[in-house]
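Engineer: This is the structure, below, for whatever I ask next.
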Amino acid sequence: MGKLMNNVLSTTLIVVISFYWTATTFGQSNSDTITQKVHSPKKATYLALIPGAGQIYNKKYWKLPIVYAGFAATGYFAFSNRAEYLKYNEAYICKLSNPENQLIVEYDPITNSYTCSTENQFECDNELADKYTTDQLKSGRDYYRRNMELSFIVMGLWYVLQILDATVDAHLYYWNVDENLSVRIEPVIMQPTITMPAVISGNAVNHNGLKISVHF
């Protein structure tokens, strides 16, 4: 009898321990499943200070070519216009510093008179300065400077735009569009309702329009 009771107690103890172990393991697995890393818009904004990093954090990899293409295009125009601006500015300065003709005045003591002549005394070794006038060089310099400044402004706006894009995407990270969302547009013709026989038929007109139905 004592041996039977020992067997029953041992079996009961094993069952209780097994049940407790299973419940604990199942609870841990459920908690692990429920635990989810929060997607932070603030972190996305900080990462977006490095172009493209915010889009990678939001897992919007398809936007990376667009971001880098925008920087490549604005950077190309900015630096190419800067190079042209420096060339025209150098030619303009060279043209001002070394005019083509200089007036030379000489005194002749024998005749006690002065003679005047022009001489190309200083030469400006610049291809653009030889090709264009001073006004043309100034106009070209101002043109490329405006384009350079505009290109850098657009590049800065593009930089800010990609930061805003990453921030907005992070805020909408958990927002899901229902698959049942649909928009239906159909024409509507409303026939007039005449309740009094005294109504003149010429005043009875149809009311036409569009009906927009949104299902979600």
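The values are calculated or read from the model by the stated rules, or taken from the named source; none is laboratory data. Because the structure is predicted, anything quoted here is derived from the model rather than measured. Please note: Cβ atoms are built from the backbone with ideal geometry, for glycine as well, and neighbour counts cover all protein chains shown.
Engineer: Could you say whether any residue in the stretch 71-82 is modelled with pLDDT of 95 or more and either over 22 Å from the mean Cα position of the chain (by Cα) or outside any helix (DSSP H, G or I) (or both)? First the steps, then the outcome.
Structural biologist: Kept after step one, since they are modelled with pLDDT of 95 or more, are these residues of the stretch 71-82: 71-82.
Of the ones still in play, those that are also either over 22 Å from the mean Cα position of the chain (by Cα) or outside any helix (DSSP H, G or I) (or both) are 82.
Among the residues of the stretch 71-82, at least one is modelled with pLDDT of 95 or more and either over 22 Å from the mean Cα position of the chain (by Cα) or outside any helix (DSSP H, G or I) (or both), which makes the answer yes.
Engineer: In the stretch 126-157, what count of residues is obtained for those that are more than 16 Å from ALA83 (Cα to Cα), touching a helix residue (DSSP H, G or I) at 6+ places or on another chain (Cβ under 7 Å) and modelled with pLDDT of 95 or more?
Structural biologist: Of the residues in the stretch 126-157, 2 are more than 16 Å from ALA83 (Cα to Cα), touching a helix residue (DSSP H, G or I) at 6+ places or on another chain (Cβ under 7 Å) and modelled with pLDDT of 95 or more.
Engineer: Just checking, does the stretch 170-193 include any residue being part of a loop (DSSP other than H, G, I, E, B), among the aliphatic types (A, V, I, L, M), surrounded by 10 or more Cβ atoms within 10 Å (Cβ to Cβ) and at pLDDT below 65?
Structural biologist: To start, the set of residues in the stretch 170-193 that are part of a loop (DSSP other than H, G, I, E, B) comprises 172-181, 191-193.
From what's left, among the aliphatic types (A, V, I, L, M): 172, 177, 181.
Keeping just the survivors that are surrounded by 10 or more Cβ atoms within 10 Å (Cβ to Cβ) gives 172.
Okay, now just the ones that are also at pLDDT below 65, so none.
No, every residue in the stretch 170-193 fails to be part of a loop (DSSP other than H, G, I, E, B), among the aliphatic types (A, V, I, L, M), surrounded by 10 or more Cβ atoms within 10 Å (Cβ to Cβ) and at pLDDT below 65.
Engineer: Go through the stretch 57-70 and count every residue that is part of a helix (DSSP H, G or I) and surrounded by fewer than 17 Cβ atoms within 10 Å (Cβ to Cβ). Before the answer, list the steps.
Structural biologist: Taking the stretch 57-70 and keeping what is part of a helix (DSSP H, G or I), we get 57, 61-70.
Subsequent filtering for residues that are surrounded by fewer than 17 Cβ atoms within 10 Å (Cβ to Cβ) retains 61-62, 64-66, 68-69.
Selection size over the stretch 57-70: 7.
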